[in-house]
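The values are calculated or read from the model by the stated rules, or taken from the named source; none is laboratory data. Just so it is clear, the model here is predicted, and its values are computed rather than measured. Reconstructed Cβ throughout: ideal geometry from the backbone, glycine too, with neighbour counts over all protein chains shown. In case anyone asks, the SASA skips ligands and DNA or RNA and just uses the protein heavy atoms, side chains included. Shrake-Rupley method; radii C 1.70, N 1.55, O 1.52, S 1.80 Å.
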Amino acid sequence: MKSQKRLPFLTSGTVHGEKASVDNRTGTIFALSSGALPSAIAVVRLSGPRVRFVLETMAGIVPEPRRAMLRALKDPRDGAVLDEAVVLFFEGPASATGEDVAEFHVHGGRAVVGAVLEALGSFEGVRPAEAGEFSRRAFDNGKLDLTRVEGLADLIAAETEAQRRQALSQLCGSFGDLVEGWRRRLIGLRARIEAGLDFAEEEDVLASVTDADRAVLSDLRIGIETKLGEGRSGERLRDGLQVALMGPPNAGKSSLMNALAKRDVAIVTEEAGTTRDVLEVHLDLSGYPVMLIDTAGLREAEGIVEREGIRRALARGSDADLVLWMEDASGRRTGVPDGVVSAAGTVWPIANKADLVGDGFDAGDDALAISVKTGAGLDRLQEKLAAFAGEKFAGLGSAMATRERHRAALTACRDALVRAEAVGDAELMAEELRHAGDALGRITGRIDVEDVLDVIFAEFCIGK
């Protein structure tokens, strides 16, 4: 594809005397929305107010909505045929973005796609999309709430079956609908209480908080506390279970990481202290995501760099869901030090190099005997890790908080509800209910989320 420095769509232009103002929020955007080139077919997507004009100019027609047509695509500058393409039109607001949308299904050669993109860029008011801009427009036009947008990003990034299921559930609205249901109940409760304050002189309006109001308030608080009680399981499923490899130098931690990853991730040598920094690799164990973390060997450090590596090792171990404490079965084993504990308090002793000890070796202390060199015991270790991950994620519902911002907003809502239950004054209660509702609104993106939108949509690829 031609260098972007030569592509005219990076500057404004005019086609057939047509002029259109360029608006970074409402202009027409385009991008390659399919996979890497070359490919059998490539999909170029457009969205915005000038889609119809682009279709008329390049394809000679605006197809009936959702009806595919085979058309010759022509360069708007000289009328030269660029390719034969399947052309689709989706009329707004009944489209993915809520705007007029078109798709060109062209042959997936680099030269073909480059020519089509260059031709699109020659229209004034039509520009390349930024990362996540199609999804941002869908959000702005009410096609997706923020939890669904995040679910879409997670679905694209999913590496395991469990992550795929969770992301698809969120994209379909499981968590967002739950939150919005809570928010609607809060709005209804607040409206009844405020009506009592504003129209207390009316006979059919109550001026005080009733027992029924307090029952609704309590039920809402319990529901949110139950969701918070799931801990960070949704975040862990999204990011991967944290398993830290820890132990003295030369115990075989890096060799085990390479064996489980089935590739060379860590440098392995006979020299003690080779691993200085924390290394990470993502594994798929029976459909569950696991992040395996290799850490520096724990000993009396001989230098500043090694001391920092050991400090980081201890920090990652304390944050992990599981620590695999590895020692050399052929040497003196000291056992798990008191200071090595995971956040969940789960540590498994591992005795490596069992092949050097003999067939009658007894690891003792519930340690698992393995040999990274011969592969003995590795299948059993992987089975145990997969079972551990399955237990951690067992019983999780489909509607899960998957990000720290979700938990922070739920916590703020719960705290506001607790304060509302503690007050007897209807006006103070209504104010706390407003704070609670606003906190839930931030989850779905209904209020006060401008500061997080750019961060979220920047995670998307171009064309999505």
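Considering segment 9-53 alone, what residues qualify as being closer than 15 Å to residue 121 by Cβ, open to solvent by 40 Å² or more (accessible area, probe 1.4 Å), modelled with pLDDT under 50 and not β-branched (Val, Ile, Thr)?
10, 12, 18, listed by residue number.
Can you name the number of the only condition in (1) out of contact with any Lys or Arg (no Cβ under 9 Å at 6 or more places or on another chain); (2) in a helix (DSSP H, G or I) that residue 166 fails?
Among (1) out of contact with any Lys or Arg (no Cβ under 9 Å at 6 or more places or on another chain); (2) in a helix (DSSP H, G or I), the lone unmet condition for residue 166 is (1).
Please go through segment 280-308 and give me each residue that is surrounded by 20 or more Cβ atoms within 10 Å (Cβ to Cβ) and either modelled with pLDDT under 70 or of a type outside the set (Gly, Ala, Ser) (or both), ordered by number.
The answer is 283, 285, 288, 289, 290, 292, 293, 294, 295, 298.
I need the full set of residues from segment 125-141 which are among the hydroxyl-bearing types (Ser, Thr, Tyr) and open to solvent by 10 Å² or more (accessible area, probe 1.4 Å), in order please. Spell out the reasoning first.
Going residue by residue through segment 125-141, those that are among the hydroxyl-bearing types (Ser, Thr, Tyr) are 135.
If the condition is that a residue be among the hydroxyl-bearing types (Ser, Thr, Tyr) and open to solvent by 10 Å² or more (accessible area, probe 1.4 Å), then no residue fits.
So which residues in segment 388-433 are free of Cβ contacts under 8 Å to residues at least 24 places away in the same chain, part of a helix (DSSP H, G or I) and open to solvent by less than 70 Å² (accessible area, probe 1.4 Å), if there are any at all?
Residues satisfying the conditions are 408, 415, 416, 432.
Is it fair to say residue 192 is among the charged types (D, E, K, R), free of Cβ contacts under 8 Å to residues at least 24 places away in the same chain and closer than 30 Å to residue 217 by Cα? Give the derivation first.
On the way: among the charged types (D, E, K, R): yes; free of Cβ contacts under 8 Å to residues at least 24 places away in the same chain: yes; closer than 30 Å to residue 217 by Cα: yes.
Judged against the criteria, residue 192 is a match.
For segment 143-163, indicate whether the set of residues that are more than 17 Å from the chain's Cα centre (by Cα) and either closer than 29 Å to residue 38 by Cα or among the hydrophobic types (A, V, I, L, M, F, W, C) (or both) is non-empty.
no
Hey, among 118, 56, which residue is over 31 Å from the mean Cα position of the chain (by Cα), without any contact (Cβ under 8 Å) to a residue 12 or more places away in the chain, open to solvent by 10 Å² or more (accessible area, probe 1.4 Å) and within 24 Å of residue 26 (Cα to Cα)?
Values: 118 fails: without any contact (Cβ under 8 Å) to a residue 12 or more places away in the chain.
That would be 56, the only listed residue that is over 31 Å from the mean Cα position of the chain (by Cα), without any contact (Cβ under 8 Å) to a residue 12 or more places away in the chain, open to solvent by 10 Å² or more (accessible area, probe 1.4 Å) and within 24 Å of residue 26 (Cα to Cα).
Which residues, counting only those in segment 405-427, are out of contact with any Leu (no Cβ under 7 Å at 6 or more places or on another chain) and at pLDDT below 90?
423, 424, 425
Could we say that residue 385 is part of a helix (DSSP H, G or I), modelled with pLDDT of 90 or more and surrounded by 20 or more Cβ atoms within 10 Å (Cβ to Cβ) here?
yes
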